[in-house]
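Below is one structure, written out as structure tokens; the observations come after it.
The values are calculated or read from the model by the stated rules, or taken from the named source; none is laboratory data. Bear in mind the structure is a predicted one, so any value in this text is a computation, not a measurement. Cβ placement follows ideal geometry from the backbone for every residue including glycine, while neighbour counts extend to all protein chains displayed.
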Amino acid sequence: SQKIEQNSEALNIQEGKTATLTCNYTNYSPAYLQWYRQDPGRGPVFLLLIRENEKEKRKERLKVTFDTTLKQSLFHITASQPADSATYLCALAQAAGNKLTFGGGTRVLVKP
Amino acid sequence: NAGVTQTPKFQVLKTGQSMTLQCAQDMNHNSMYWYRQDPGMGLRLIYYSASEGTTDKGEVPNGYNVSRLNKREFSLRLESAAPSQTSVYFCASSENREFASGNTIYFGEGSWLTVV
């Protein structure tokens, strides 16, 4: 069966350190992988996307990698700040089927 | 630009009551969606409308109906609410459903529904 797995345990990290989140998938052939941020009581907001043939994408302090061999994406927040505290969701878009499927999300808590 | 607006923000219903969640987007998007989000289950697609005039079932459509009123508006109706429908509901929209081409989704702020 198809699965998208994100660590359900919260990630606690000290301000200034790099937070690294994983998104693993099975039985998907993703064309794109997207990352969203969700603050408590709000809807998810798009952050970054990466294509299957791209190894890495950056946006300010955010970096995403995509390894189709390992079937994994890593999401890094460098020089983390308390304002980065939120839940981060990955989502996969398959090459066919017009479908975007979300993982369960990982909560990040950055402590000052 | 308001983006995606949904109402109400909070609602408490008794079992068996009906209600409609309203959603509107001002981005001229073709596709609209209703998701529910439950702890440990992530975002699950209830229904979607690929374009004005069409609606289709998602992963968890039972107990719900939808109406794509026009290009801007997409409503979700619970005909006879059940406690299992207690959840946070998100309306969303996208330019189209060609996610394999890099389309992304824009979400509303959510509607918290409790069925007692």
Next item on the list: Kindly check whether there is at least one residue in region B:64-79 that is on the phi > 0 side of the Ramachandran plot and touching a strand residue (DSSP E or B) at 6+ places or on another chain (Cβ under 7 Å).
Entry: no
Next item on the list: Could you list all residues from region A:1-40 that are among the hydrophobic types (A, V, I, L, M, F, W, C), within 14 Å of the chain's Cα centre (by Cα) and in a strand (DSSP E or B)?
Entry: A:ILE4, A:LEU11, A:ALA19, A:LEU21, A:CYS23, A:LEU33, A:TRP35
Next item on the list: Would you check which residues across region B:41-59 are more than 13 Å from chain A (Cβ to nearest Cβ) and not in a strand (DSSP E or B) and list them?
Entry: B:GLU52, B:GLY53, B:THR55
Next item on the list: Spot the failing condition for A:ILE50; the list is (1) touching a residue at least 60 places away in the same chain (Cβ under 8 Å); (2) within 11 Å of chain B (Cβ to nearest Cβ); (3) in a strand (DSSP E or B), and only one is missed.
Entry: (1)
Notebook entry, point to check: Which condition does B:PHE10 not pass, out of (1) surrounded by 13 or more Cβ atoms within 10 Å (Cβ to Cβ); (2) under 15 Å from the mean Cα position of the chain (by Cα); (3) within 14 Å of another protein chain (Cβ to nearest Cβ), if it passes all the others?
Noted result: (1)
Next item on the list: Report, by residue number, each residue of region B:47-82 that is surrounded by 15 or more Cβ atoms within 10 Å (Cβ to Cβ) and either of a type in the set (Asp, Glu) or over 14 Å from the mean Cα position of the chain (by Cα) (or both).
Entry: B:GLU52, B:LYS71, B:GLU73, B:ALA81
Note to self: Among the residues of region B:60-69, what is the count of those that are of a type in the set (A, V, I, L, M) and not in a loop (DSSP other than H, G, I, E, B)?
What the structure shows: 1
Item checked: Top-ranked residue of region A:73-106 - restricted to ones that are over 29 Å from B:ARG97 (Cβ atoms) and in contact (Cβ under 8 Å) with a residue 60 or more places away in the chain, ranked as nearest to the other protein chains (Cβ to nearest Cβ) -> A:ASP84
Item checked: Evaluation of A:LEU70 against (1) out of contact with any Pro (no Cβ under 7 Å at 6 or more places or on another chain); (2) of a type outside the set (Asp, Glu); (3) within 10 Å of another protein chain (Cβ to nearest Cβ) (one fails), failing number -> (3)
Next item on the list: Using the structure shown, decide if B:SER80 is under 20 Å from B:PRO8 (Cβ atoms), hydroxyl-bearing (Ser, Thr, Tyr), in contact (Cβ under 8 Å) with a residue 24 or more places away in the chain and not in a strand (DSSP E or B).
Entry: yes
Note to self: Restricting to region B:83-100, name every residue that is surrounded by 13 or more Cβ atoms within 10 Å (Cβ to Cβ) and either at pLDDT 95 or above or of a type in the set (Gly, Ala, Ser) (or both).
What the structure shows: B:GLN85, B:THR86, B:SER87, B:VAL88, B:TYR89, B:PHE90, B:CYS91, B:ALA92, B:SER93, B:SER94, B:ALA100
